[in-house]
Amino acid sequence: MGEPNNNDNAMVHDSEIVDGNAVINGNGMVHGSEMIHGSEMVHGDEMIHGDEMIQGTEMIHGNEMVQVNDLIHGNELVQVNDMVNGDEMAHGNELINAEMTPQTTSRRRRKKSLVWEHFTIENMPGGSSRACCNLCKQTFAYSSGSKIAGTSHLKRHITLGSCPVMKDQDRKLALPPPGGPGTDNDGEGAVERPSKRRYRYTGYANATFDQERSFSYLAKMIILHDYPLHIVQQPAFTTLIESLQPRFRVVDVETMEGEVYAVFQKAKENLLQAFSTMPGRISLTIGLWTTSQTLGYVSLAGQFIDSEWKVHQRMLNFMMVSSPHSENALSEAISSSLSEWNMKDRLFTITLDSDCSSHDIYSANLRDHLSNKNNLMLKGQLFVVRCYAHIMNVVAQDVIASIHGVIYNIRESIKFIKASPSREERFAEIALHLEIPSTKTLCLDVTTQWNTTYLMLLAALDYKQAFATLETCDDNYNEAPSAEDWKKVEATCNYLKLLYDSAHSIMAATNPTANIFFHEAWKIQLELANGTEHEDPIFSSTAKDMHERFDKYWKDCSLVLAVAVVMDPRFKMKLVEFSYSKIYGAEAGKYVKVVNDSLHELYKEYVAQPLPLTPAYVEQGEANSVVVNANATQGNPPSTSDGLLDFDMYLSEIQSSQPAKCELEQYLEESLTPRIPEFDILNWWKLNTLKFPTLSKMARDILAIPMSIVSSGSSIFSAGTGNRMLDDYRSSLRPEIVEALVCAKDWLQYSPAPTEAPGSAMVKAEEAS
């Protein structure tokens, strides 16, 4: 018998070696090459523990699996290089001294991947080997000669639930133990818990559970997806949560309200911090909401351009007011919002979607109320802007309503044809016989979206002869429009096309800055004005009705539209001069002068009343001062004697006798920038900020004016023409919770992506190994 050894090769006391609960007790005995202990038996190179058997060079010790030279020592994993001599016997608490025999093969690197807790390598003929799942016994390619297949496919077998035995075990673990929630493995029939290390492959199953973190995510889910707060008390939801994470404490509605408000407050603090570095002014969009309880809400959203010349729009407030249609109530709401966001001196314009008939009085009163509390630029001439999407929808729906009887007949005609396949086939045969070349498909419209009505009328117009023929050969059909009705449809489609194309141009813009709206508005104004003189009375009547509405918008907003397009270096004043000559003819000069004078007056205000510098602007101002100082140094007579002192004096006299042109004049006199499809106006001003330091501030604020309350990426056609209605559920909530839900939904869309849950990084690291 060899001498006792204290290193990893030595065996230890019986109380330190784990086999099930103990491998070798005082009563354990090694006999020959076999050892029988309780229900365990080692025979040759095989060792049976309970119902499990591992062959080859691997051995399960307790609930753990050891590879080749590995042995579980107590609760630790140690490495042994030697075998136990079969002639040795353990008695009581005596140490086991083993004869050690050196290994004849070179020592291989120990496999570190935890996948080998679930797989065994089996050698195959021809020098290849396969990995066998210890549970389901499926085999997978592992090596062929010196080429190793890796372990990714083995991990997927374990982690993705491909192993049928593991899937069945997980299903059983989901069931409560027979002895109740407190039963462990002591009760008969209790399910044995698997090794914790196994779940390192199941991703988030091994993640550290955080009640507060999960609670916050639940609140954000409710906010972002408009789920009702009482979802937390719905049985189906609570059952789902318990199945996913039994430790999660489901809360009541009141607690959920508190968490939603906490998310709102945190997001608001972040936005306040962002506003503190905003370099320019802010423009507001105002939306009016009503409820079934006759309460009113006002939504206020702010639009601005940041220091990187990117357009942003954020919801600021969604507050309940007693009378949203009152100028006093609305002005108080606006003032309160500006004070709350520390922007009382930064308001530039507001955009309303109010009705045309009352807009002039409404906006004038609103301007008067706010001018007493805020310093309005250009004496408030640009202050109140009407929503472009709103006016288009009003004009379109008015003209559609004027022929509602004809539209009804067309809808009924399409319904009749679509009622059965045989009728559709019959109608198609008629169209083919009449040699109608149209490829449009007849379809019903959505009455709340005028663009679908336009497309329905446009398609029906191509088949007007087919409808008339169908009426003569089918006694059940008598809804065909008359020739005069079709003339009305043709006139309506002719002018609706102007609005339809304009809306698509606006929606196609990635960044719908204020300058793009002038192009659309002046063309519609010109076409409708010309249409009033159409020789056909039906066409002229339709154009007159539409022009009456749109002309009111043009008179109210043409100045702000023109000022915005002048800030586009591709057009400047040239497009204003051209378009006004088309619209006003001989009187164009006086309208052009109004725009030019307003531009210069506004520029003087920016020179005289600059905004306080934000941190971003301080750096930019310092950079500008360096340039100015450098230029001033160059303008002064140099102290060096280069023989050109008299020349420098001459230049100085010229500069003093010829006053320098202001930035605005310099900008307007420069040649136009080429019109290329990929032109980015914001990037142009970003690159020319140092060249036009004051004018660029003016351009920043003007280009950020929201000419439409419809946000980028949304459909103009679905914009309402009146007050929006808050649903009954939200109407029943407290006003502060309604505001939290509406505002936080907007803010969370721009929040950074959540960090990885604890444990996911560990899984990714393991998969990469």
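The values are calculated or read from the model by the stated rules, or taken from the named source; none is laboratory data. Everything numeric here is computed off the predicted structure, so don't read it as measured data. Glycine gets a Cβ as well: all are built from the backbone with ideal geometry, and neighbour counts include every protein chain shown. Each accessible area value is taken on the protein alone, full model and side chains, heavy atoms only, with ligands, DNA and RNA left out. Shrake-Rupley method; radii C 1.70, N 1.55, O 1.52, S 1.80 Å.
Along the Cα-to-Cβ line of E533, 7 Å from the Cα, sits a label point; which residues in the range 576-605 have backbone N less than 16 Å from it? Once the point is set 7 Å along Cα→Cβ of E533, 580-588 turn out to lie under 16 Å by backbone N, inside the range 576-605. FRET efficiency for the L244 to T694 pair, using the beta carbon distance and R₀ = 51 Å, is estimated at 0.30. Judged by the mean number of other Cβ atoms found within 10 Å, the most tightly packed of the peptides 272-284, 438-450 leads the ranking 272-284, 438-450.
Multiplying the sequence separation of S420 and E471 by 0.36 nm and subtracting their Cα-Cα distance, what value in nm do you get? Each step should come with its number before you reach the end.
Numbers: separation 51, 0.36 × 51 = 18.36 nm, distance 1.64 nm.
Residue separation times 0.36 nm, minus the Cα-Cα distance, leaves 16.7 nm.
Order Y227, Y408 by their accessible area, 1.4 angstrom probe, all chains in place, largest first. Walk me through the numbers before you get to the answer.
Details: Y227 95, Y408 125 Å².
Sorted by accessible area, descending: Y408, Y227.
Rounded, prolate or oblate: which fits the range 389-497 when a ≥ b ≥ c are the square roots of the eigenvalues of the alpha-carbon gyration tensor, with rounded for a/c under 1.5 and prolate only if a/b beats b/c?
Values: a/c = 1.96, a/b = 1.94, b/c = 1.01.
Prolate, since a/c reaches 1.5 and a/b exceeds b/c.
Using the average count of surrounding beta-carbon atoms within 10 Å as a protection proxy, the listed peptides 315-321, 538-544 rank, highest first, as 315-321, 538-544.
Ranked from largest to smallest solvent-accessible area, with a 1.4 Å probe on the protein heavy atoms, R675, R213 come out as R675, R213. Taking amide H as placed 1.01 Å from N in the peptide plane, S708 has its amide H under 5 Å from the amide H of Y388, each at least 5 places away in sequence or on another chain.
Here the accessible area is traced with a 1.4 Å probe on the protein chains. For the range 116-161, carbon and sulfur cover 52 percent of it. Taking label points 7 Å from Cα along the Cα-to-Cβ direction, R570 and A483 give a separation of 4.6 nm.
Once you order the gyration tensor axes a ≥ b ≥ c over the Cα atoms, which shape class does the range 241-334 get: rounded for a/c under 1.5, otherwise prolate or oblate by comparing a/b with b/c? Cα axes put the range 241-334 in the oblate bin. Within the same chain, lysines fewer than 8 places from K266 are excluded, and of the rest, those with a Cα less than 28 Å from its Cα are K220, K310, K344, K745. Cβ-Cβ distance of E548 and Y408, R₀ of 25 Å, FRET efficiency by 1/(1 + (r/R0)^6): the value works out to about 0.50. Each Lys and Arg Cβ is given +1 and each Asp and Glu Cβ -1; about its Cα centre, the range 389-497 then shows a dipole of about 320 debye. 3J(HN,Hα) along the range 522-532, derived from phi through the Karplus expression 6.51 cos²θ - 1.76 cosθ + 1.60 where θ = phi - 60°, amounts to 5, 5, 5, 4, 5, 5, 5, 5, 5, x, 5 Hz, with x in place of Gly and Pro.
Think of a 1.4 Å ball rolled over the protein heavy atoms: the range 389-497 then has 50 Å² of accessible area per residue.
In what sequence, highest mean first, do 148-156, 470-478 appear when ranked by Cβ atoms within 10 angstrom?
Details: 148-156: 15.4, 470-478: 12.9.
Those peptides, ordered most packed to least, come out 148-156, 470-478.
Taking amide H positions as modeled 1.01 Å from N, with prolines and chain starts lacking one, the residues under 5 Å from F119 and 5 or more places away or on another chain are N134.
At R0 = 30 Å, how high is the FRET efficiency between T441 and N683 if r is their beta carbon distance? Nearest 0.05 is fine.
Working: r = 42 Å, r/R0 = 1.39.
So the FRET efficiency works out to roughly 0.10.
Scanning residues 5 or more positions from S307 or on other chains, none has an amide H under 5 Å from its amide H, with H placed 1.01 Å from N in the peptide plane. In order along the range 255-266, phi translates into HN-Hα couplings of 5, 5, 4, x, 6, 4, 5, 5, 4, 4, 5, 5 Hz, rounded to whole numbers, per the Karplus curve 6.51 cos²θ - 1.76 cosθ + 1.60 with θ = phi - 60° and x for Gly and Pro. For E669 and F140, calculate 0.36 nm times their separation in residues minus their Cα-Cα distance, and state this gained length in nm to one decimal. So the extension gain works out to 182.8 nm. When we measure straight from the Cα of K555, which lysines land under 23 angstrom away, once same-chain ones fewer than 8 places off are left out? K555 reaches K379, K497, K523, K544, K572, K574, K582, K590, K593.
A simple spin-label model places pseudo-atoms 7 Å from Cα toward Cβ; at T294 and H230 they are separated by 2.5 nm. Prolate is the label for the range 509-581, because the ratio a/c of its alpha-carbon gyration tensor axes (a ≥ b ≥ c) is 1.5 or higher and a/b is greater than b/c. The HN-Hα couplings worked out from phi for the range 461-469 by the Karplus form 6.51 cos²θ - 1.76 cosθ + 1.60 (θ = phi - 60°) are 4, 5, 10, 4, 5, 5, 5, 5, 5 Hz, whole numbers, x standing for Gly and Pro.
Modelled label positions at A401 and N342, each set 7 Å beyond Cα in the direction of Cβ, lie 4.7 nm from each other.
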